[in-house]
Amino acid sequence: MTLSINPFIAAIPTNPLRALFPYGARPGMLNLASGHPSKDAYDLDGLAEAASRASRDFSAWTYGPSAGDPALITALTEAVAMVPPGKRLLVTSGAQQGIDLATRTFAPPGANVLVPEPVYPAVLSTCAAIGVTPVGYQIAPGDDDLADFAAKLKTAGDVRAIYALPTFGNPTGETLTRAQRLRLLALCAEHDVPVIEDAPYSDLWFRAPPPPSLLDLASQVDGATVIYLGSLSKIMSPGLRIGWLIAPESVAAAMQEARQASDLQPNALAQRVAWHYLQSGRLDGHIARVRSLYAERHDALVAVLTKAGFTVPAVEGGMFIFPFLPKDKGNSDLFDRAVAQNVLFAPGPAFRAVAESGLFADRMRLCFAGLGKADIVVAAERLVAAVHA
Ligand SMILES: Cc1ncc(COP(=O)(O)O)c(C=O)c1O
């Protein structure tokens, strides 16, 4: 029997970051490629305590509401999620499920979705699985006009949603200013297109909080609609697979039906673990510790790279930088030379929204969350050695 795979599913691109996992597992490899925080960036004692308590709750072991455990919804709303009037919060299986649900809810197969260029590659997998076409837009630091974004909105044709990652982006680490956010919302309102605001890194600021979210600012822009995606992955544990989305009531109801079609409800045990952890009162202290840990690692990494001729656009939080290589050093065998030096980076082209664009050959994404300060300096020095070899 010949099995015929749905062409949309067959066309899902291999996630270039997951393809790096085997290199990361090599003995002695210092991994700056993967967005995986080091073990000491977790509150493992607090999580173990929460898991132990959760395991004794009967509700951890049975079916529950599709929208999520009501106690967790309340706790999230009190701790990390601001729900404006007229909006509803649904618990999701991480922000990734939110990306899928929101895209699916607005964009039928054949439609277009605008995505940042460079882009977080899993967004492309979602688009491919749904059969929608990602169209890249660029917003450079200092670009208050958003000319490219405005042009794409006008010319792309049948744009049904905008995916935006305005705070401590992946891969760039960059953050849109308040003025850029307001301009983006105004353009989307003018074209009557909803914005999917992916915000898993928002709490990871180094020295000062970022500008208000698009969701917060939407109340100042007539006709703007924002679907906000949050996550416990970067502030508690990605293994729990707990995130949330905030959407207008009518849209949230449709999304709830869509999520039932795929997995009925969020994982009950994980929700109880998250709830107990939030009840423990440890989250704020943990986030504060992670912020200073990442700030210190970021500074150490940037210091070595800058000295060696890299150009590193400024970032003020999150887990990534997306530096430019020293002049004339971007060439195709750099990845192999780095692997030979036992250091791993994520090549810039892995973040192209449009494969043929030829963009980002002179850049690389580096994650500063995964290694302690001493190791990060060694990793950066190995990278510099590979670049100059
Ligand atoms: C920009 C972005 N969105 C979403 C996700 C997925 O997050 P979650 O673990 O909450 O599904 C990630 C994970 O790295 C990410 O970088």
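The values are calculated or read from the model by the stated rules, or taken from the named source; none is laboratory data. This structure is a prediction, so every number in the text was calculated from the model and none was measured. Note: ideal-geometry Cβ built from the backbone for every residue, glycine included; neighbour counts use all protein chains shown.
Below are the figures for this structure:
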{"item": "Within region 163-199, considering residues that are of a type in the set (A, V, I, L, M, F, W, C), within 13 Å of Ile139 (Cα to Cα) and within 16 Å of the ligand (Cβ to nearest atom), the one surrounded by the most Cβ atoms within 10 Å (Cβ to Cβ)", "result": "Leu165"}
{"item": "Any hit, region 48-67, residues being within 30 Å of Ala288 (Cβ to Cβ), at pLDDT below 95, in contact with a helix residue (DSSP H, G or I) (Cβ under 9 Å, 6 or more places away or on another chain) and surrounded by 12 or more Cβ atoms within 10 Å (Cβ to Cβ)", "result": "no"}
{"item": "Helices (runs of 4 or more DSSP H) wholly inside region 226-325 that include at least 2 residues being of a type in the set (Val, Ile, Thr) and touching an Asp or Glu at 6+ places or on another chain (Cβ under 8 Å)", "result": "283-307"}
{"item": "Among (1) out of contact with any strand residue (DSSP E or B) (no Cβ under 6 Å at 6 or more places or on another chain); (2) under 22 Å from Arg104 (Cβ atoms); (3) assigned to a helix (DSSP H, G or I) - the single one Ala218 does not satisfy", "result": "(1)"}
{"item": "Candidates Arg297, Arg282 - the one that is under 24 Å from the mean Cα position of the chain (by Cα) and either over 21 Å from Ser34 (Cβ atoms) or not assigned by TED's automatic domain parsing to the domain that holds Pro13 (or both)", "result": "Arg282"}
{"item": "Sole residue being at pLDDT 95 or above, within 16 Å of the ligand (Cβ to nearest atom) and under 20 Å from Asp57 (Cβ atoms), chosen from Ser237, Ser213, Ser202", "result": "Ser237"}
{"item": "Residues being under 19 Å from Asp192 (Cα atoms) and assigned to a loop (DSSP other than H, G, I, E, B) - total across region 126-164", "result": "6"}
{"item": "Qualifying residue in region 208-217 (condition: within 21 Å of the chain's Cα centre (by Cα), over 30 Å from Arg297 (Cβ atoms), surrounded by 23 or more Cβ atoms within 10 Å (Cβ to Cβ) and not charged (D, E, K, R))", "result": "no"}
{"item": "Residues within region 13-61 that are in a loop (DSSP other than H, G, I, E, B) and either touching a strand residue (DSSP E or B) at 6+ places or on another chain (Cβ under 7 Å) or touching a residue at least 24 places away in the same chain (Cβ under 8 Å) (or both), tallied", "result": "18"}
{"item": "Residue that is farthest from the chain's Cα centre (by Cα) [pool: residues in region 240-258 that are within 16 Å of the ligand (Cβ to nearest atom) and touching a residue at least 60 places away in the same chain (Cβ under 8 Å)]", "result": "Met255"}
{"item": "Condition broken by Gln96, with the remaining ones in (1) of a type outside the set (Gly, Ala, Ser); (2) surrounded by fewer than 16 Cβ atoms within 10 Å (Cβ to Cβ); (3) closer than 30 Å to Gly285 by Cβ satisfied", "result": "(2)"}
{"item": "Candidates Val132, Val83, Val115, Val123, filtered to the one that is in contact with a strand residue (DSSP E or B) (Cβ under 6 Å, 6 or more places away or on another chain) and closer than 30 Å to Arg282 by Cα", "result": "Val83"}
{"item": "Scan of region 351-376 for residues that are closer than 20 Å to Lys329 by Cβ and touching a residue at least 40 places away in the same chain (Cβ under 8 Å), ordered by number", "result": "Phe351, Arg352, Leu359, Phe360, Arg363, Met364, Arg365, Leu366"}
{"item": "Matching entry among Val115, Val132 (being within 16 Å of the ligand (Cβ to nearest atom), crowded, with 22+ Cβ neighbours inside 10 Å and within 30 Å of Glu257 (Cβ to Cβ))", "result": "Val115"}
{"item": "Hits in region 135-162 - residues which are within 21 Å of the chain's Cα centre (by Cα) and surrounded by 17 or more Cβ atoms within 10 Å (Cβ to Cβ)", "result": "Val135, Gly136, Tyr137, Ile139, Phe149, Arg160, Ala161, Ile162"}
{"item": "Unmet requirement for Thr155, which otherwise passes all of (1) closer than 20 Å to Glu190 by Cα; (2) more than 13 Å from the ligand (Cβ to nearest atom); (3) in contact (Cβ under 8 Å) with a residue 24 or more places away in the chain", "result": "(3)"}
{"item": "Residue in region 125-133 that is in contact (Cβ under 8 Å) with a residue 60 or more places away in the chain and under 20 Å from Asp203 (Cβ atoms) present", "result": "no"}
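Listed here are the residues, each with its yes/no results for (1) farther than 30 Å from Phe149 by Cα; (2) of a type outside the set (A, V, I, L, M, F, W, C); (3) in the same structural domain as Ala355 (by TED's automatic domain parsing).
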{"residue": "Pro16", "(1), (2), (3)": "no, yes, yes"}
{"residue": "Pro27", "(1), (2), (3)": "yes, yes, yes"}
{"residue": "Ala50", "(1), (2), (3)": "yes, no, no"}
{"residue": "Pro70", "(1), (2), (3)": "yes, yes, no"}
{"residue": "Ala75", "(1), (2), (3)": "yes, no, no"}
{"residue": "Lys87", "(1), (2), (3)": "no, yes, no"}
{"residue": "Thr103", "(1), (2), (3)": "no, yes, no"}
{"residue": "Gly110", "(1), (2), (3)": "no, yes, no"}
